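Every read-out reported here was derived from the displayed coordinates using simple, explicitly stated rules and does not represent laboratory data. Quick caveat: nothing in here was measured; it's all calculated off a predicted structure. FYI the Cβ positions are ideal-geometry reconstructions off the backbone, even for glycines, and counts take in every protein chain you see.
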Amino acid sequence: MSTQEHHLKQELLERLGSDPLVFRYLESGALDGMWYWDVQQPKHVWLSPGYKALFGYTDDEVPNDSDWWQQNIHPDDLPLVLDNFKRHFKDPGCPFDQVVRYRHKQGHLVSVRCRGVATRDESGRAVRMLGTHTEVSELNRLVEELQHRKDHLTNLVKSIPDAVITVGVDGVIEDANPASGDVFRTDAKTLIGKPVLSLFPPEVARAIDIDRRNTGGMDFLKGAVLAIDALRSDGEDFRAAVSINAFRTAEGHKFVWLLKDVSPELRHEKERQSLTRALEEKNRELESIIYASSHDLRSPLVNLQGFGRELRHACEEIRGALNGVELTDQQQQKLHSILEARIPEALGFIDASSRKMDQLIRGLLKLSRLGREELHLKVLDMNKLVQDVKNALEFSLREREVEFEVGDLPCCIGDEALLNQVITNLIDNAIKYLDPARRGHIKVYGRARGRQSEYTIEDNGIGIPHGMLEKIFEVFHRLNPQSDVKGEGLGLSIVRRILDRHNGSIRAETSDGIGIKFIVTVPAPRPSEMNNSTKKVHHAGI
Amino acid sequence: MLEFERNPHCPPPTVLLAEDDPGHARLIQSNLRESGIKNPIQHFEDGAALLDFLHAKSDAAPALDFTNAYVLLLDIRMPKVSGDEALAKIKEHSQLRLIPVVMLTTTDDPKEIRRCFELGCNQYVTKPVDYDQFVTVIQRLGAFLQITCVPVLGG
């Protein structure tokens, strides 16, 4: 023993011989397993309890016998170990060190790093060998998992329908997935080795190149997302969405270029826009036809009414002229029935029908005008708007002794005059169709529903049968045409039309045949559009 | 009826009525007369006939007279040349633009009304379909024409 050894090391070596605790610790704690082998009597080997425990056995389950490990090592690894023994025995400079697999008691394999060193006699012949086992299964598992992840990523890149291209710092393509071939109409492999700028039309490539020179490398493209023209191998250019990301490898920075051919989307978008334009054009045309024709239809009505009146005057003149003329009773009776009954009846029908027709045409005009007029949108305080409507309808509400209740209403984005019309029509409708048998009760309340504000106008009137709920929004539909309720049958069509134009909606609900509930939605203002409107609750019993 | 006393230098203008519907034309004329106006009334059945007269290209009698004053009652929807087209032509003309133009039409669309005023019309009156109202409107228009003073065309 050299005197230069550290005194503690020297002490440890001495204690190793005398104190079993030191050996036990080294054997069980510091190493996964330990073996000591008599090379001259190869069957004789000592296997530490840790060695056996690593493979799932207690100390006494496994004999201290070379046959045991030779039978339990993976058969493929045994020749390697035997071969390495030979080399090491021959040449101490040739280390005995390899990873081998053993069969665990429960059947699975355990990977261990098996190392050892031979002690030799004066002639250099190996007489004993001391060895250790270190478990490396976890490391192997990690290596395997990394391999799986790599396979997964490789497959992922292969199955992406867009071009995924790996580019070195020098701008040369190092790898390209199969879809790159489809996008650029060539074999993907032929792209490798080319400058990435060759995938773009000269002017685009030049622009990128200038940036590259100015910034001294491709680094300026890190994280870039571009919409630029790219060039297929057959010379056709196409619009590509390009995103570029940098990643680090052992060889330094590389870039992944992801190129998506967006020309089909662009084409579809263009088609959609032109279709929308055509539809809008057609719609305007239809509106103007309705407008012009309903206008033309009104003109003849002036004549129907005007000349009807002329005829009435003519009858009066005849009546006057007949005054004092000698007639037989029979003649007088006949003339009387013509002048006093038949002609007035006919004129009455002509008059009433032309008035009715005028009303219908006016309604149509109003409806078509709604489709053409520009909306003046702003944030509307619906509490105020409903109050305005209530004030305007004060007379009817008082007359019918209606109990009118308004809850707190959220704001919305709308045309004030048109939404006033909506609320007016709905409340007016509710008043018209109240049930005379009970006290009228009309409630208006609302709530915010995401991007929409919702308003409900509810009454306890005569209601309508379930099947009729959609019909009431049709043009000229009237609940009961014979009733004395006045109207042109357009109120709800107008309401729906106005709400359509606001991108809002309306639906009707009824329950148990009592009353009807109209639920209206109108787009809500975005928080940025809100001004600080103070909220008040209106309870107005009338 | 109260007789309006006119300045002899401001003679009652000739009423030009451009109206394609013969029934309307008759009802308008009879109700204007009913209101008591004595002005001559000259009827044209469309905008083209009116413009021909104003440009002295027609053999309408009496012909356009530059020593006379005119007021025009103009329908909008007419064949050949519509009322708004005729209005634009008249208001672009250095002399004819002196003629007061009263639009007399069944249209009450605010857009149409605005457009006519933009083109330079002087009044806009809607013909009601309801005959009682029609009578009232035309007779009031007649009363208004009675008190209207218009310069002679030639200055």
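Worth a mention:
- Sparsely packed loop sites in region A:353-443 (the GluC sites (Glu not before Pro) outside DSSP H, G, I, E and B with at most 10 other Cβ atoms within 10 Å) comprise A:Glu374, A:Glu401.
- Local electrostatic count, A:Glu340, Cβ distance below 13 Å [Lys/Arg +1, Asp/Glu -1]: +2
- Helical content alone sets the calculated 222 nm signal of chain A at -14000 deg cm²/dmol, taking -39,500 (n - 2.57) per DSSP H segment of four or more residues and averaging over every residue.
- The simple Förster model, with R0 at 25 Å and r as the Cβ-Cβ distance, assigns B:Asn122 and B:Lys80 a FRET efficiency of 0.60.
- Mean per-residue shielding of peptide B:128-139 is 4, counting Cβ atoms of other chains within 10 Å of each Cβ.
- Antiparallel DSSP beta bridges within chain A, percent to nearest 5: 95
- Part-to-part distance (alpha-carbon centres) for region A:409-453 and region A:356-375, which is given in Å: 22
- Projecting label points 7 angstrom from Cα along Cα→Cβ for B:Arg26 and A:Leu82 puts them 13.1 nm apart.
- Built amide H within the under 5 Å cut-off of A:Val262, gap 5+: A:Arg239, A:Ala240, A:Ala241
- Expressed as a fraction of 2.2 N^0.38 Å, the C-alpha radius of gyration for the protein assembly as shown is 1.92.
- For region A:245-250, the Karplus equation 6.51 cos²θ - 1.76 cosθ + 1.60, evaluated at θ = phi - 60°, returns couplings of 10, 9, 9, 9, 10, 4 Hz by residue, with Gly and Pro reported as x.
- Cross-link reach list, aspartates and glutamates versus A:Lys384, counting only Cα pairs under 20 Å and skipping chain neighbours closer than eight places: A:Glu394, A:Glu403, A:Glu405, A:Asp408, A:Asp415, A:Glu416, A:Asp428, A:Glu454, A:Glu458, A:Glu529
- Sequence-distant lysines (8 or more away, or on other chains) whose Cα lies within less than 29 Å of B:Lys57: B:Lys38, B:Lys80, B:Lys89, B:Lys91
- Degrees separating the helix A:78-90 axis from the principal Cα axis of chain A, which is the longest one: 40
- What separates the Cα centres of region A:237-268 and region A:140-172 is a distance of 15 Å.
- Residue-by-residue Karplus 3J(HN,Hα) for region B:115-124, coefficients 6.51, -1.76, 1.60, Hz, glycine and proline x: 4, 5, 5, 5, 7, x, 5, 9, 9, 9
- Once exposed loop chymotrypsin sites (Phe, Trp or Tyr not before Pro) are cut out (DSSP; at most 15 other Cβ, 10 Å), longest piece of chain B: B:67-155
- Between B:Lys57 and A:Leu469, the simple label model (points 7 Å from Cα in the Cβ direction) yields a spacing of 6.4 nm.
- Taking A:Val22, A:Val522, A:Val62 and counting other C-beta atoms within 10 Å, the order from fewest to most: A:Val22, A:Val62, A:Val522
- Chain A: angle of helix A:7-18 to the longest principal axis, Cα-based, in degrees nearest 10: 80
- Rounded to whole Hz, the Karplus (6.51, -1.76, 1.60) HN-Hα couplings of region A:46-58, x for glycine and proline: 10, 10, 5, x, x, 4, 6, 4, 4, 9, x, 10, 7
- Low-density loop positions, GluC sites (Glu not before Pro), region B:29-90 - DSSP coil, at most 10 other Cβ in 10 Å: none
- Computed [θ] at 222 nm, helices only, for chain B once each DSSP H run of length n ≥ 4 contributes -39500 (n - 2.57): -11500 deg cm²/dmol
- Distance from region A:282-350 to region B:112-130 (C-alpha centre basis), Å: 29
- Amide H partners (placed H, <5 Å) of B:Leu17, local residues excluded: B:Gln42, B:His43, B:Phe44, B:Leu73
- Put in order of Cβ neighbour count within 10 Å, fewest first, the listed residues A:Leu499, A:Leu375 become A:Leu375, A:Leu499.
- Residues whose amide H falls under 5 Å from that of A:Glu403, counting only those 5 or more places apart or on a different chain, are A:Gly440, A:His441, A:Ile442, with hydrogens built in the peptide plane.
- Angle in degrees between helix A:382-392 and the longest Cα principal axis of chain A, rounded to the nearest 10: 10
- Applying 1/(1 + (r/R0)^6) with r as the Cβ-Cβ distance of A:Glu405 and A:Lys378 and R0 = 22 angstrom yields a FRET efficiency of 0.25.
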